[in-house]
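Participant: Dumping the structure here so I can ask a few things about it.
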Amino acid sequence: MLMIKQVKSSKGAQAVPRARHAMAVAPADDPALAPAERGPVQGRSQASLKRMLAAARNLMLERDGEDFTLNDVSMTGKVSIGSIYHRFASKDDLVRAVLEAEMKEIEAGETLVQQRSLEQSSSLDQFISLYIRDFFEVLKKHSLFIRLNIRRAATDPAAAMLGDTHEQRAAQRLHTALTVYATDIPGDLDRKASYSMLMIFFALAWQLTPEMPRPTKPQQHPDWVIIELCTMITSYLKN
């Protein structure tokens, strides 16, 4: 409640409100208070999401594919089924989120591989050899998820777009790296970088797919695909 005191002046009486209580109350939508009020809830929400993704990823690794249910995710990740459906409309959406996270990990690993390969090489031949060998190790770490996304891409537009986007970004990064040796690469560098990445990715993905048929030869070097790929890409870039 407010007490009104009449103050007289030469211009007449004027009502001046005087608060009985001096306590200041911030408005409910004060942005200064919002982070402190919402922070713990957001933190719990993010932690719950991480558990969902980690549980789904671990189940995919354990079962070598997508043979699991959202109830399995709930029990493994210790999250309620309601929380899962609040985040994901279906199991497919959850799998897509896991695959997207894996692609980001691959991109981060590939970026480090390129930087390290450039630092350690003094020629185009050496760069290609280092890059392909180390990139193979990055793909090997995520091989199951690469295979799953390739299989899904035939019927799932989201998976196809995810693969295409990764390929385009990888080609752009390779193009940037190859500019260091641009004088050794005649012709259209953009086109050569794009085609080189296509050949590198699909050759290595094929090598990491157990069900794909592959020729065997007596006394064949175990890394023959990588050796031949390095030779082929270097020759393609130089000619």
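Participant: Looking at (1) outside any helix (DSSP H, G or I); (2) of a type outside the set (Ser, Thr, Tyr); (3) touching a helix residue (DSSP H, G or I) at 6+ places or on another chain (Cβ under 9 Å), can you tell me which one residue 112 breaks?
Facilitator: So the condition that residue 112 fails would be (1).
Participant: Another question, if that's okay. Just checking, does the stretch 79-96 include any residue being charged (D, E, K, R), farther than 23 Å from residue 65 by Cβ, surrounded by 16 or more Cβ atoms within 10 Å (Cβ to Cβ) and touching a residue at least 60 places away in the same chain (Cβ under 8 Å)?
Facilitator: As a first pass, look at the stretch 79-96 and keep what is charged (D, E, K, R): 87, 91-93, 96.
Then drop every residue that is not farther than 23 Å from residue 65 by Cβ, which leaves none.
Within the stretch 79-96 (the criterion being charged (D, E, K, R), farther than 23 Å from residue 65 by Cβ, surrounded by 16 or more Cβ atoms within 10 Å (Cβ to Cβ) and touching a residue at least 60 places away in the same chain (Cβ under 8 Å)), the answer is no, since none of the residues qualifies.
Participant: Taking interchain pairs and intrachain pairs at least six residues apart, which have beta carbon atoms under 6 angstrom, with the first residue in the stretch 181-206 and in the same structural domain as residue 119 (by TED's automatic domain parsing) and the second part of a loop (DSSP other than H, G, I, E, B) and exposed (fewer than 13 other Cβ atoms within 10 Å of the Cβ)?
Facilitator: From residues that are in the same structural domain as residue 119 (by TED's automatic domain parsing), the pairs are 206/212.
Participant: Which one of these is closer than 21 Å to residue 228 by Cα, polar (S, T, N, Q) and out of contact with any Pro (no Cβ under 6 Å at 6 or more places or on another chain): 165, 183, 209? First the steps, then the outcome.
Facilitator: Details: 165 fails: closer than 21 Å to residue 228 by Cα; 183 fails: closer than 21 Å to residue 228 by Cα.
It is 209.
Participant: Another question, if that's okay. Pairs, please: C-beta under 7 Å, at least 6 apart or cross-chain, first residue surrounded by 10 or more Cβ atoms within 10 Å (Cβ to Cβ) and at pLDDT 90 or above and in the stretch 39-51, second outside any helix (DSSP H, G or I) and of a type outside the set (D, E, K, R)?
Facilitator: Listed pairs, sorted by first residue: 48/79; 51/79.
The values are calculated or read from the model by the stated rules, or taken from the named source; none is laboratory data. Since we're looking at a predicted model, the values are computed, not measured. Reconstructed Cβ throughout: ideal geometry from the backbone, glycine too, with neighbour counts over all protein chains shown.
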